[in-house]
Amino acid sequence: MLCKLISEIPKDPAYIFENKWDGYRIVSFINGESVKMASRSGLDYTKRYPLIGKALRELGHGAVIDGEVVVLNEEGKPDFDALQLYNGHSTPIRYCVFDLLWLEGNDLMELPLESRKELLKTLCEGSDILQYSESFEDGNQLYQSAIDNNLEGIVAKDRYSPYKPGDRGSSWLKLPTRKRQEFVIGGWAESDRGRSFRSLLFGAYKDGQLEWIGRSGGGYKEKEMPAILKQLKELEVSESPFTNPVLDAKGAKLHWVKPELVANFEFATWTKSGRIRKPATFLGFRSDKNPTQVVREVPAELMSESGGAEQALSDDHMQAPKYLNKDSNWKRVDESWAGKPVDDFPLEHCTIRLHDVERELWKGIAKANLVMYYHRMVPFILPYIKDRPQSLSLKLTHAGGPRTFIKDMENRAPECATVFTDQRRVKKPGKRSQIDYLVCNNEETLLFMVDLGCVDINPWSSRISSPLLPDYLWLDLDPTVGEGGVDENKGFQMAVEVAMAAHQVLSKNKLKAFPKTSGKTGLHIYIPCSGLDFHQARERANELADQIHELVPDISTRSEGISNRKGKVYIDANQNDYADTLAAPYCIRPYHEPLVSTPLDWKEVKPGLDRYAFNLKTIEARLAKKGDLFFELLPVK
């Protein structure tokens with residue numbers, strides 16, 4: 001739940017008031033000995049704060065808690081600089097908790113805020129690390145105290161309000177003592193006085209585009225400026241990331257950077273033109289903030305004057321030009337949406353617009369059912385697609401209909417999505433030289449993909465941090481079924497037999513591997529790897545595929561020619577090249593029925609395995625019973 005910026009203390013007696021903590025916003029999930037601490041951008045901060053994790057485990061209750069992590073200085077006040085330098089153990093740290101969303105299997109979000117806080121206070125009593133955030137009736141007095149103690153500000157909350165994830169309405173309001181805000185760094189100005197740089201140039205996103213807002217030449221510690229400059233130079237690019245011109249350069253030479261760094265600034269006020277009135281003072285970088293989520297936060301009373309504050313996805317034509325490639329497949333998407341009903345789906349980072357949710361994908365199963373499936377399955381699916389570029393395979397009519405492929409986002413990604421820009425490997429007439437791949441790092445992006453028409457989700461095997469190095473090899477056991485082949489059920493049982501042979505080969509090679517159903521008629525095998533480039537990965541995958549074929553030559557084939565595969569299982573090792581994709585674990589496949597590509601235990605891979613047992617209706621009960629069988633595949637953080 002988010003706070004709306006205001007310019008004066010509300011007088012409504014429904015509001016109670018809390019201190020605004022200068023730290024990292026963290027929601028913690030406690031389930032027995034298992035604790036996860038998640039930032040607003042989806043980062044896992046559990047290992048960063050071991051003392052808090054220990055305190056949460058010691059509560060002895062299953063719960064979901066919202067709060068702010070702060071490090072205290074010698075005066076006992078929150079110190080954001082100290083938080084950034086926190087060493088894990090010796091520095092005094094507190095988790096200032098202010099809301100309780102879940103307790104012992106009970107969803108508390110519909111309870112009034114005061115009731116949730118009363119339970120939270122009882123839960124945290126006696127802890128030195130978990131500090132309950134007290135509420136006060138007198139907002140004016142608390143605000144004056146915040147000013148006197150040089151604190152960040154106060155928060156006003158409707159005492160009767162439910163907890164609404166992603167909501168930035170009138171239930172929670174924030175009033176800072178000074179004007180502070182995060183902005184995205186887009187460049188720097190050279191100094192002519194021997195300093196590392198004169199100023200940083202920064203902006204915020206609006207309708208998916210980065211707009212320049214101002215510059216800051218103060219607040220930097222001289223000894224830290226060379227390291228900041230080094231960081232900037234590593235991100236330097238030739239063109240400005242801002243969509244509007246940078247003003248007031250005063251003749252300085254400007255350099256541009258990829259918009260990946262977020263920093264906090266303090267400034268005087270907003271101007272009527274939507275910029276900030278100088279000076280702006282640098283307060284520090286914010287590694288917990290996703291750059292694409294940074295928007296201007298203007299007090300509600302000033303929105304019309306300053307041109308608007310944070311906006312959701314306002315329409316379906318966010319940016320111009322509409323189509324950046326000739327014969328763009330986005331035209332098909334727009335045509336499929338024309339005249340169809342629209343629903344807004346507000347979430348934490350942005351609002352996703354859903355189109356034609358009553359359209360049937362399978363008989364009796366509408367697009368809305370698919371949306372809600374992925375909404376519920378986010379905790380299981382997101383870890384396997386996070387930081388991995390996507391190739392989108394759309395079904396614009398029904399699950400069994402023709403496919404429409406999209407790789408290049410062409411400025412259509414939602415404002416809270418990540419985009420990986422790559423050079424087109426094979427030049428094509430009418431296509432631009434770059435491809436902006438969508439990267440699904442949050443639920444909003446996942447549901448955006450489903451709304452476009454993705455039934456299944458198809459990520460790369462490498463991540464954007466090291467796109468040339470895959471995290472695993474893929475083997476796709478693909479039976480030739482239908483005309484010229486075998487029937488689907490027999491084909492799947494043959495694929496099971498080949499998978500059993502694969503397990504023998506992999507065990508002989510002392511390789512750990514993870515099988516899953518494809519969600520159609522075959523099986524997929526993931527083999528973790530490190531230190532291999534794609535050429536080496538493909539060679540190794542083909543070597544293993546050849547060894548598997550030698551064990552079951554009567555029912556398998558290594559021939560790429562479709563005519564030579566009839567009645568056999570093709571052991572496909574060729575999906576191990578740069579930008580190749582495979583259906584993600586737990587995604588639904590566009591098939592006769594909504595089957596799920598489901599991780600398996602090797603003990604389950606045996607004759608009689610029923611692929612139809614893994615479907616939209618059964619997968620969640622399976623997960624509750626068996627857990628995530630692919631968990632060991634996830635990268636170590």
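Every read-out reported here was derived from the displayed coordinates using simple, explicitly stated rules and does not represent laboratory data. Note that this is a predicted model, so its numbers are computed, not measured. Using ideal geometry, Cβ is built from the backbone for each residue, glycine included, and neighbour counts are taken over all protein chains shown.
Observations on the structure shown:
- Pair Glu632, Lys331: separation of 7 Å Cα→Cβ label points (nm): 5.0 nm
- Cβ-Cβ FRET estimate between Arg159 and Lys54, R0 fixed at 35 Å, reported to 0.05: 0.65
- In sequence order, calculated HN-Hα J values of the stretch 428-440 (Karplus, 6.51, -1.76, 1.60; Hz; x Gly/Pro): 10, x, x, 10, 6, 6, 10, 10, 9, 7, 6, 10, 9
- Cβ charges +1 (Lys, Arg) and -1 (Asp, Glu), total dipole of the stretch 1-108, debye: 260 debye
- Global geometry of the stretch 330-452, whether rounded, prolate or oblate, following the gyration tensor of its Cα atoms and the 1.5 cut on a/c: oblate
- Full extension of the chain between His592 and Glu8 gives 204.4 nm of extra length, using 0.36 nm per residue less the Cα-Cα distance.
- Value at 222 nm in deg cm²/dmol, rounded to 500, when DSSP H runs of n ≥ 4 in the chain each add -39,500 (n - 2.57): -6500 deg cm²/dmol
- Candidate cross-link partners of Lys121 among the lysines, defined by an alpha-carbon separation under 30 Å and a same-chain spacing of 8 or more, comprise Lys4, Lys11, Lys20, Lys36, Lys47, Lys54, Lys77, Lys157, Lys164, Lys174, Lys289.
- Counted residue by residue at 0.36 nm each, then reduced by the alpha carbon distance between them, the extension gain from Ser466 to Glu134 reaches 115.0 nm.
- Stokes-Einstein diffusion for the stretch 472-632 at 37 °C, viscosity 0.692 mPa s, with a Kirkwood radius from C-alpha pairs, works out to 207 µm²/s.
- Greater than 21 Å apart at Cα, pairs in Lys395/Lys606; Lys363/Lys617; Lys331/Lys428: Lys395/Lys606
- Sequence-distant residues sharing a close amide H with Lys4 (under 5 Å, placed H): Trp172, Leu173, Lys174
- Cut-off 17 Å, label 7 Å out along Cα→Cβ of Lys47, residues of the stretch 612-637 by amide N: 631-637
- Relative contact order of the chain, defined on C-alpha pairs under 8 angstrom at six or more residues apart (%): 10 percent
- Residues whose placed amide H lies under 5 Å from that of Gly153, excluding near-sequence neighbours: Lys20, Thr177
- Estimated distance in nm for a label pair at His503 and Glu260, the labels positioned 7 Å out from Cα along Cα-to-Cβ: 4.2 nm
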